[in-house]
Every structure is written in structure tokens, then in C-alpha cells.
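Bear in mind that the values in this text are calculations on the coordinates, not laboratory data. On a predicted model such as this, the values are computed, not experimentally measured, just so you know. Positions of Cβ are backbone-derived with ideal geometry, glycine not excepted, and every protein chain shown enters the neighbour counts.
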Amino acid sequence: MSNIIWYIIAYLVGGIPFGYLIAKYAAGINIKEHGSGNIGATNVLRVLKQKDPKKAKKLAALTLFLDAFKGAAVVLAAKFAGVCDATLWTLAVLAVIGHCFSPFLKFEGGKGVATTAGVLLVLVPKAVLVALVVWYLMAKYVRISSLSSLTAIIVGIASTYILYPNLSIQSHAPLWIIAFIVIYKHKENIYRLITGQEKRVV
């Protein structure tokens, strides 16, 4: 029963749509009706910078931080409560699902990149550092947000086989489940990448 309570908490906390809330209450904009319609930091930046570039960067950074923090917080809280590793990994997956399919937005949501970084920072921190380096280099030189994120997640998860060859749960399956969810949420971006229509971050 206690695990079920943690599962519900992870899903609900993961589902908090910070990008939507920040854009609505700090800028008076329904982020779902502008830009890509996504509630993540990239769309917050793209949409809000049309009104106030400096404020847009701050609000996008805040969105990124909070989306990552909520994932890390719920896994850390469960870890400190003595929850077993197998359950921690389940909570990580549910937090990402919550963000991507938020119960507060009629099961719509973001693409899960920041929340993935948050949960994995607790569970496989060295792999997250690898992913962050890859994301930074891609973002700096390629300047396509979706491609940077997807590459970082795939490389980061692949690196766990070297950095964490013997995970406590004896399986890397939760990592690939998270990767599948994030990739699925990027399906439109992937189509635009293939067709050369994906926009660069400027």
C-alpha cells in the first residue's frame, strides 16, 4: 500500500505543469495556445521572448529548473524514506509519465527532458553529467533543441552500461522505458528533423 501511495505521488508531482503555470501567471500567456503548444522551457523561451527577451530567459530557466527539480525531489524523498531501489526506478518512470501526460492538463504535457534529467540525477548522476555535456555541445554548435535533447538522452543512457554496468535492479529497462516515452513525445520534432523543417534556437 505504501508503494502505491508513492506511485500516485510521483505521477501527480511529475504532472505539475510548471511551464504552463509560469507563462500564465508571470506573463499572462496560455503557452499551450502559442508556439509549439508545448509546456517546456524551449517553448516558454520562444513564445515569451517576443514580449520581453530578458524576462523570457529567466522564466524559461525557471521552468527548466522546476521541471527537473520535481523529478529529483520525489525520488529523493522516497529514497530518504527507505523505499527500495526497484520502487525508486518505478517512481522515476512515473514522474516522467506524469510530466508528459499531466493529469492537470487533460493528460497532455511536456516532452520529459528536464524531468528525466531530474530523476536520473538522483539515480545515475554520472550518466546525467555525460548527457549534459553532450546536450551543451549540441545546443551550442547545432542549435536545434529537440536534436540536442534526444542525442543527450540516448548517449546518457548508453553511457550507463559503462558507468553503471551493475545497477542494483540488475536491469537497464527503466532507462529505456523513459527514453521511449521522451522519444515518443518528440515524434513531431523527429518528423521535422527528417524533413528539414525543425527550427533552430536563435
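In table form, for the structure just shown:
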read-out: Amide hydrogen neighbours beyond the local backbone of residue 102, cut-off 5 Å, H modeled; value: 107, 108, 109, 110
read-out: Residue 5 versus residue 57: modelled label distance in nm, points set 7 Å from Cα along the beta carbon direction; value: 4.5 nm
read-out: Residue (of 89, 78, 60) at the positive-pole extreme of the chain, dipole from beta-carbon charges; value: 60
read-out: Unit charges at the beta carbon, dipole of region 1-155: most positive-side option, 134, 5, 124; value: 134
read-out: Largest-first ellipsoid semi-axes for the chain, taking √(5λ) over the Cα gyration tensor eigenvalues, angstrom; value: 27, 20, 14
read-out: Given 51/79; 32/79; 54/187; 79/185; 49/79, the pairs whose alpha carbons are separated by over 32 Å; value: 51/79; 32/79; 49/79
read-out: Projected label distance in nm at residue 85 and residue 199, using a 7 Å step from Cα toward the beta-carbon; value: 4.4 nm
read-out: With eigenvalues of the C-alpha gyration tensor scaled by 5 and rooted, region 7-68, Å; value: 21, 11, 9
read-out: Helix axis angle, 125-141 relative to the chain longest principal axis, alpha carbon, degrees; value: 20 degrees
read-out: Sum of side-chain charges, residue 99 neighbourhood, beta-carbon under 10 Å (Lys, Arg +1; Asp, Glu -1); value: +2
read-out: Estimated FRET transfer efficiency (residue 69, residue 24; beta-carbon r; R0 22 Å; 0.05); value: 0.70
read-out: Local electrostatic count at residue 113 - Lys and Arg +1, Asp and Glu -1, tallied over other residues with Cβ under 12 Å; value: +1
